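Below: the structure, in structure tokens.
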Amino acid sequence: MPTAIAHANIALIKYWGKASAALNIPEAGSLSLTLEALSTRTTASPIDGLSDRLTLDGQAVSGRPLSRVSAFLDLIRAEVGSKQALHIQSDNHFPTAAGLASSASGFAALALAGTEALGLRLSPQALSALARRGSGSAARSIFGGFVRMHAGPVDAEAESYAEPIEDAKIPLHAVIAVAKSGPKTIGSTDGMEATRLTSPYHGAWISQVGRDLTAAEAALRGGDFEALAELAEGSCLAMHANAMAARPGIVYFQGVTLWAIETVRALRAAGTPVFFTVDAGPHVVAMTSPEAVPQVEAALLGHEGIDGVIRSGPGLGARLVPGQ
Ligand code: PMV
């Protein structure tokens, strides 16, 4: 019974737009850091019968989450010509339950445990392309540390995969300011599609991503923290500006998000190496040097709208581990 662990990741140059929604092919690349503190552990056990089963954090689950997992396993079964059903048992290890649960760690762990259970051996690159079919950001969670996602052509889906950036020279830790949960907003898949179809800024956003990726990789390799900070904040704000410009506009920020952004910028202006990024939700992720983590954490806890912080260093890539 293969068991795999994978970690979530935080994008510094964001992915926001699909060239193919059916194949989950991104319109542009992206760049992320895998996060040690947020992980998913998944076991895939062969079972009798024709239907898969799914247990999430100890609870049997059916409906949409199960059909998404089954459709993903069908891709592997089609590859090896198998009809073997699986029981997928998946546990998220996230320090708080604040809507941070990520499809990235989930589908990366599922890709590895599922291929192992069904006897499909893939290269890391092919495993990354497979994980992408579950969720775009999962392709990046196959690898540890800094990771670069490539956007290939729609008719060559194996060319949209991630790979690690080996020679990055900026040690970065994350301090996630967990916002008290507000009203639920639109998920990333629907949000991206609505933005692509209706935002007048979308074309400009996509062409900017290419330039940002080249510059961010150079900043990482050259150890230029300031340059990376400006690029990552720019990518985050441009992604959100693009989503806000959809009709109707998509707003992930809450009041406390803006407060945390200001707090991070004030710290940097005063000399602390820190910058912010925000995914499709209200939580601000402050990226900082390992030494400055306590100071950044103390500053971000100073607001009643912040539930707490999660600290994380870089995480490893998806891997098989001994089962329970
Ligand atoms: O791959 P998804 O559907 O989890 O979308 C990820 C979208 C963002 O988190 C907002 C950006 C990113 O690159 O991770």
Next on the checklist: For the range 237-272, give me each residue that is within 18 Å of Ala11 (Cα to Cα) and either part of a loop (DSSP other than H, G, I, E, B) or among the hydroxyl-bearing types (Ser, Thr, Tyr) (or both).
Outcome noted: Tyr252, Phe253, Thr257
Next on the checklist: When you scan the range 77-95, do you find a residue that is among the aromatic types (Phe, Trp, Tyr) and either within 13 Å of the ligand (Cβ to nearest atom) or at pLDDT 95 or above (or both), even just one?
Outcome noted: no
Checklist entry - In this structure, is Pro164 of a type outside the set (A, V, I, L, M, F, W, C), away from the ligand (no atom under 15 Å from the Cβ) and more than 28 Å from Val309 (Cα to Cα)? => result no
Next on the checklist: Can you report the number of residues in the range 7-59 which are in a strand (DSSP E or B), among the aliphatic types (A, V, I, L, M) and away from the ligand (no atom under 13 Å from the Cβ)?
Outcome noted: 6
Item to check | Failed condition for Leu112, given (1) part of a helix (DSSP H, G or I); (2) within 16 Å of the ligand (Cβ to nearest atom); (3) open to solvent by less than 60 Å² (accessible area, probe 1.4 Å) | outcome: (2)
Next on the checklist: Need pairs with beta-carbon distance below 6 Å; first residue open to solvent by 70 Å² or more (accessible area, probe 1.4 Å) and within the range 146-169, second part of a loop (DSSP other than H, G, I, E, B); sequence gap 6+ or separate chains.
Outcome noted: Glu159/Gly152; Lys169/Gly223
Checklist entry - Which of the residues belonging to the range 118-135 are within 14 Å of the ligand (Cβ to nearest atom) and open to solvent by less than 20 Å² (accessible area, probe 1.4 Å)? => result Ser128, Ala129, Ala131, Arg132, Gly134, Ser135
Checklist outcome for this item: Cβ pairs under 6 Å, 6+ apart or interchain, first in the range 118-134 and free of Cβ contacts under 8 Å to residues at least 40 places away in the same chain and more than 14 Å from Asn24 (Cα to Cα), second open to solvent by 20 Å² or more (accessible area, probe 1.4 Å) and not β-branched (Val, Ile, Thr), ordered by first then second residue, are Gln125/Tyr161
Next on the checklist: List the residue pairs whose Cβ atoms are under 7 Å apart, where the first residue sits in the range 225-251 and is closer than 15 Å to Met192 by Cβ, the second is of a type in the set (Gly, Ala, Ser), and the two are 6 or more positions apart or on different chains.
Outcome noted: Asn242/Ser199; Ala243/Gly191; Ala245/Ser199; Ala246/Ala194; Ala246/Ser199; Ile250/Gly191; Ile250/Ala194; Ile250/Ala243
Checklist outcome for this item: Scanning the range 55-78 for residues that are closer than 14 Å to Ala117 by Cβ and open to solvent by less than 30 Å² (accessible area, probe 1.4 Å) gives Val69, Ser70, Phe72, Leu73, Ile76, Arg77
Checklist entry - Any idea how many residues of the range 185-223 are touching a helix residue (DSSP H, G or I) at 6+ places or on another chain (Cβ under 9 Å) and hydroxyl-bearing (Ser, Thr, Tyr)? => result 5
Checklist entry - Does the range 277-294 include one or more residues that are of a type in the set (A, V, I, L, M, F, W, C) and open to solvent by 50 Å² or more (accessible area, probe 1.4 Å)? => result no
Next on the checklist: more than 20 Å from Leu172 (Cβ to Cβ) and open to solvent by 10 Å² or more (accessible area, probe 1.4 Å): which single residue out of Gly210, Gly271 fits that description?
Outcome noted: Gly210
Checklist entry - Is the range 248-256 home to any residue that is of a type in the set (Val, Ile, Thr) and farther than 30 Å from Thr189 by Cβ? => result no
Checklist outcome for this item: Of the candidates Ala138, Ala238, Ala219, Ala179, the one satisfying the condition of being within 13 Å of the ligand (Cβ to nearest atom), closer than 25 Å to Met287 by Cβ and crowded, with 20+ Cβ neighbours inside 10 Å is Ala138
Checklist entry - Quick check: is even one residue across the range 84-91 without any contact (Cβ under 8 Å) to a residue 60 or more places away in the chain and in a loop (DSSP other than H, G, I, E, B)? => result yes
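The values are calculated or read from the model by the stated rules, or taken from the named source; none is laboratory data. Everything quoted here is computed from the prediction, not taken from an experiment. So basically every Cβ, Gly included, is an ideal-geometry build from the backbone, and we count neighbours across all protein chains shown. Areas reflect the complete protein model, heavy atoms only, side chains present, ligands, DNA and RNA absent. Shrake-Rupley method; radii C 1.70, N 1.55, O 1.52, S 1.80 Å.
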